[in-house]
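Worksheet: the structure to be examined is printed underneath.
Please treat every number below as a calculation from the coordinates, not as lab data. Source: prediction; values computed, not measured. Cβ: placed from backbone, ideal geometry, glycine included. Neighbour counts: every protein chain shown.
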Amino acid sequence: MQEVHINHFAVWVCALLNLGVGGLWYSPLLFGKSWMKEAEMTEEKLKQGNPALSMAVAFLLSVIISYNLAFFIGDPDVDWKMGLLYGFLTGFGWVSMGLAIVAKFEARSLKYIFINGGFLTVYFSLIGLILGAWR
């Protein structure tokens, strides 16, 4: 088996990046209002939730996601360009397409798929870039 190179600090930074990029992506500045409409989310529903718990769970899952991608691109020859490509292919080809399948069976709109799939593609591309560059 080939040696796998993982920068554990980079993995944790990538996990935090999920919260930062997600916060911006789903803010009123970008797609927040459209996402709320397409996800049938209301301010009342948001207030019923537990934001601290949601953020903690999102961070924990992002750590798992980041480690998973780090293992996939752990080859010492992977640089930032290959990391970006692998992250994009993972985010777009696997994650967003899987989301699209589920969303269509849930009768979600194409706009919903583009908003959420776009976020996942951008996020995976960024973490691929970071993990590839930050050896």
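Laid out as a table, the results:
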| read-out | value |
| --- | --- |
| Inter-label distance for TRP94 and LEU61, nm, one decimal - labels placed 7 Å from Cα along Cα-to-Cβ | 1.6 nm |
| FRET efficiency, 1/(1 + (r/R0)^6) with R0 35 Å, evaluated for PHE71 and ALA107 via beta carbons | 0.50 |
| Table column - 3J(HN,Hα) (Hz), the stretch 114-128, Karplus curve with 6.51, -1.76, 1.60, x for Gly and Pro | 5, 5, 6, x, x, 4, 5, 5, 4, 4, 5, 4, 5, 6, x |
| Among ASN18, ASN50, ASN68, residue whose mean-square fluctuation peaks in a GNM of the chain (springs only between Cα atoms under 10 Å) | ASN50 |
| Given charges at beta-carbon only (K, R positive; D, E negative), |dipole| of the chain in Debye | 380 debye |
| Reduced Cα scattering model of the chain, Debye log10 I(q)/I(0), q = 0.09, 0.10, 0.14 Å⁻¹ | -0.29, -0.36, -0.67 |
| At most 16 other Cβ within 10 Å, DSSP loop - GluC sites (Glu not before Pro), the stretch 2-85 | GLU3, GLU40 |
| Straight-distance crosslink candidates among lysines, where the alpha carbon sits under 30 Å from LYS45 and sequence neighbours closer than 8 are dropped | LYS33, LYS37, LYS104, LYS111 |
